[in-house]
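Chemist: Here it is, the structure in full.
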Amino acid sequence: MTTVSIPHTDVAGEPFPAARFIKEIGRGKNGARSMTRDDAAALYRAMLDGRVSDLELGGILLSMRIKGESVDEIAGFLQAAEASFAPLQAPSGHYAPIVIPSYNGARKMANLTALLALLLARAGAPVLVHGVTLDPGRVTTAEVLAALGVPACATHAEAQAAMARGEVSFMPIAALAPKLAYMLSLRKVLGVRNSTHTLVKIMQPFAGPALRLVSYTHPEYLEMLGEYFITAAPAGRGDAFLMRGTEGETVANANKAQQIDWFHDTERTVLVEKQLQVEQLPDLPLERDAATTAAWIRQVLAGEVPVPPSIAEQVEQCLMASGRIAASRVA
């Protein structure tokens, strides 16, 4: 797909002329041209700041939905997204923070993202879970954490204090990055997801390096995000694990492990191979509601029920990478 750079005037506080961008990205799946990284950053920054009219904003979101994001565009969007909110400060220690986005929840099976987060925190890693609190028809991680007695953090200070105490920190996206939360809310208006749903799954909200757990649902995103982490991700931001989501969540499927790719210093390593067969299925919650899931997680944490092997492997690999990031940070 051809990339085009369009001269523009980007003046803070003034309306942003977006029509010239829409003209290029709005030509459909085959006729559209992608923006440069700088242009994408300028456009998304203006969108977040409310300097793009509602009509143009809808045109941009739908155009990108049809066209799909290029690596340069996702890099530019993410640059503007991460600059739109204050970064978090991680506590010092033997592990770099582990970032777990949770924006899908579960429809068919129990959402075990909270188990992953609690196991990592119990091992001593700072853990930030960020995401939505409610999603009609789905059980969110926020609901499971609340049933486990883990409250949502309303401010950066609360989130940082929770991590310093060795607890899982959950921040609703509305508290962590309000401008991104607004962009996510437009799904209710347009009826479809937009580029922001990808950005919140790959953003790194800490000032220092961290380990990001990233999931994808559509095969084309495996290719695009893989190229992004190798060629376009800013240096010094830490590592990323990329895997196919479990109903969109970044926790390993308890019934059959997915492949996990590790991106470290522009290198890609397969940490966990895709599991083709399972000898014996683990004992899992009988229902997917938050209360039942939370009760089962308590049993796992108490040692009454074994940790599903795929999740135990994910925890081990997360601690390995997080420890390496922390060690390189102080070297």
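No lab work stands behind these numbers, since they all come straight from the coordinates. For clarity, every value in this text was computed on a predicted model and none was experimentally measured. Quick reminder, even Gly has a Cβ in these numbers, built from the backbone with ideal geometry, and neighbours come from all protein chains shown.
Chemist: Compute the angle between helix 71-82 and the longest alpha-carbon principal axis of the chain, please, reported from 0 to 90 degrees and rounded to the nearest 10.
Modeler: 70 degrees
Chemist: Contour minus end-to-end for Glu316 and Leu134, with contour as 0.36 nm per residue of separation and end-to-end as the Cα-Cα distance?
Modeler: 62.6 nm
Chemist: Over 27 Å between C-alpha atoms is what I'm after, so list which of Lys29/Lys201; Lys67/Lys201; Lys179/Lys201; Lys23/Lys179; Lys108/Lys179 land there.
Modeler: Lys108/Lys179
Chemist: Hey, another quick one. Just the C-alpha atoms of the chain: what Rg/Rh do they give, with Rh taken as the Kirkwood radius?
Modeler: 0.97
Chemist: In the chain, with Lys and Arg counted as +1 and Asp and Glu as -1 at Cβ, which of these residues, Thr293, Gln275, Gly323, has the Cα nearest the positive end of the dipole, that is, farthest along it?
Modeler: Towards the positive end, the residue furthest out is Thr293.
Chemist: Could you check the simple spin-label distance between Ala19 and Thr217, using points 7 Å along Cα→Cβ, in nm with one decimal?
Modeler: 3.5 nm
Chemist: Then there is this: Label Arg298 and Arg65 with points 7 Å out from Cα along Cα→Cβ: what is the distance between them in nm?
Modeler: 4.1 nm
Chemist: For the chain, what is the mean residue ellipticity at 222 nm derived from helices alone (per DSSP H run of n ≥ 4: -39500 (n - 2.57); sum divided by total residues; nearest 500 deg cm²/dmol)?
Modeler: -12500 deg cm²/dmol
Chemist: Taking only C-alpha pairs under 8 Å that are 6+ residues apart, what is the relative contact order of the chain in percent?
Modeler: 18 percent
Chemist: Toward the positive end of the charge dipole of the stretch 3-82, about the Cα centre and with charges on Cβ (Lys, Arg +1; Asp, Glu -1), which of Gly31, Leu57, Met47 goes farthest?
Modeler: Working it through, the farthest residue towards the positive pole turns out to be Gly31.
Chemist: Compute, for the chain, the length of the dipole vector about the Cα centre, with Cβ point charges of +1 (Lys, Arg) and -1 (Asp, Glu) only. Units Debye, rounded to 20.
Modeler: For the chain, the charge dipole is close to 480 debye.
Chemist: Let me ask something else. Taking 30 Å as R0, compute the FRET efficiency from the Cβ-Cβ separation of Val192 and Asp38 and round it to 0.05.
Modeler: Computed FRET efficiency for Val192 and Asp38 comes out at 0.65.
Chemist: Another question, then. Between Thr231 and Gln275, what FRET efficiency comes out of the Förster formula 1/(1 + (r/R0)^6) with R0 = 22 Å and r the beta carbon distance, rounded to 0.05?
Modeler: After rounding to 0.05, the efficiency reads 0.15.
Chemist: Evaluate the relative contact order of the stretch 100-212 (contact order divided by residue number), counting alpha-carbon pairs under 8 angstrom at least 6 apart; express in whole percent.
Modeler: Across the stretch 100-212, relative contact order equals 25 percent.
Chemist: In square nanometres, what is the average projected area of the Cα convex hull of the stretch 3-82?
Modeler: 4.5 nm²
Chemist: Right, here's the next one. R0 = 51 Å: FRET efficiency of Ser53 with Glu287, Cβ-based, nearest 0.05?
Modeler: 0.65
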